[in-house]
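The values are calculated or read from the model by the stated rules, or taken from the named source; none is laboratory data. What you see is a predicted model, and the numbers here were worked out from it, not measured in a lab. Cβ coordinates were reconstructed from backbone atoms using ideal geometry, including for glycine residues, and neighbour counts include every protein chain displayed.
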């Protein structure tokens with residue numbers, strides 16, 4: 001019962017807080033230019049709502065929701081790092097999606113004030129949180145391997161097997177590490193790469209696919225109990241959601257201006273540099 005109620009509250013508040021911040025953005029477009037006092041009050045209002053979202057985001061995505069939706073699939077196993085681990089995965093995937101949309105919109109002639117300086121900062125987030133995700137991946141794996149307690153090692157035995165026999169997810173488990181750590185580390189480390197639209201797009205796709213693979217190997221062993229099945233259906237489901245996201249975001253973006261022309265810090269954003 002608590003699982004269902006908390007999940008419903010979480011989804012509702014994600015929607016409500018996101019819609020509220022979006023409505024304040026549209027409100028600034030409709031109300032015209034702001035004087036100093038009006039701009040100050042508007043920024044404060046935005047800060048309050050953004051803070052509420054940040055706190056709730058921390059209580060859900062970075063805390064309880066991964067326990068309920070993911071870790072409960074393996075009810076006899078637990079990890080105190082699990083929520084941080086999934087949060088890092090969520091954040092770096094989100095930044096990669098932002099990068100893809102920015103580059104796509106730039107190619108469509110939109111976002112005229114967005115420059116390679118902005119893209120560079122997004123690339124730094126992609127690089128930094130890939131490393132942070134790896135730190136959590138290693139810490140969780142190393143501590144469980146080192147303590148060698150059956151109730152904890154069972155989680156990894158189901159995925160990578162034992163010294164005598166490889167598990168059904170052995171290849172996927174280490175492909176996950178290559179896509180989400182080695183590729184971002186070796187490719188995104190250089191400053192010039194983070195300013196290259198093509199390479200950032202490529203790495204964003206690699207990171208999103210890599211973390212889909214990560215969630216696949218977190219979820220499927222506990223539901224299929226040892227049977228790895230990467231077939232057309234498995235790829236079709238995420239492709240369906242990618243299509244829905246592209247359609248929904250594209251439809252929403254076309255209904256309003258992408259430039260928040262009355263934002264008090266618009267000038268600071270336009271002259272942003274790293």
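Odds and ends about this structure:
- Boolean, residue 164 is touching a residue at least 40 places away in the same chain (Cβ under 8 Å) and more than 19 Å from residue 124 (Cα to Cα): no
- Taken across the range 168-175, residues that are part of a helix (DSSP H, G or I), within 30 Å of residue 116 (Cβ to Cβ) and assigned by TED's automatic domain parsing to the domain that holds residue 118 do not occur at all.
- Scanning the range 203-237 for residues that are in contact (Cβ under 8 Å) with a residue 12 or more places away in the chain and within 17 Å of residue 176 (Cα to Cα) yields a count of 22.
Listed here are the residues, each with its yes/no results for (1) more than 13 Å from the chain's Cα centre (by Cα); (2) more than 30 Å from residue 269 (Cβ to Cβ).
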{"position": "91", "(1), (2)": "no, no"}
{"position": "97", "(1), (2)": "no, no"}
{"position": "104", "(1), (2)": "yes, no"}
{"position": "108", "(1), (2)": "yes, no"}
{"position": "117", "(1), (2)": "yes, no"}
{"position": "123", "(1), (2)": "yes, no"}
{"position": "126", "(1), (2)": "no, no"}
{"position": "137", "(1), (2)": "yes, yes"}
{"position": "147", "(1), (2)": "yes, yes"}
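- Screening 176, 196 for residues that are on the phi < 0 side of the Ramachandran plot, touching a helix residue (DSSP H, G or I) at 6+ places or on another chain (Cβ under 9 Å) and in contact (Cβ under 8 Å) with a residue 12 or more places away in the chain leaves exactly one candidate, 176.
- Being surrounded by fewer than 17 Cβ atoms within 10 Å (Cβ to Cβ), in a helix (DSSP H, G or I) and out of contact with any strand residue (DSSP E or B) (no Cβ under 8 Å at 6 or more places or on another chain) is true of residue 252.
- One residue from 15, 67 being surrounded by 13 or more Cβ atoms within 10 Å (Cβ to Cβ) and at pLDDT below 95: 67
- Scanning the range 222-249 for residues that are over 25 Å from residue 205 (Cα atoms) and in a helix (DSSP H, G or I) turns up 222, 223, 224.
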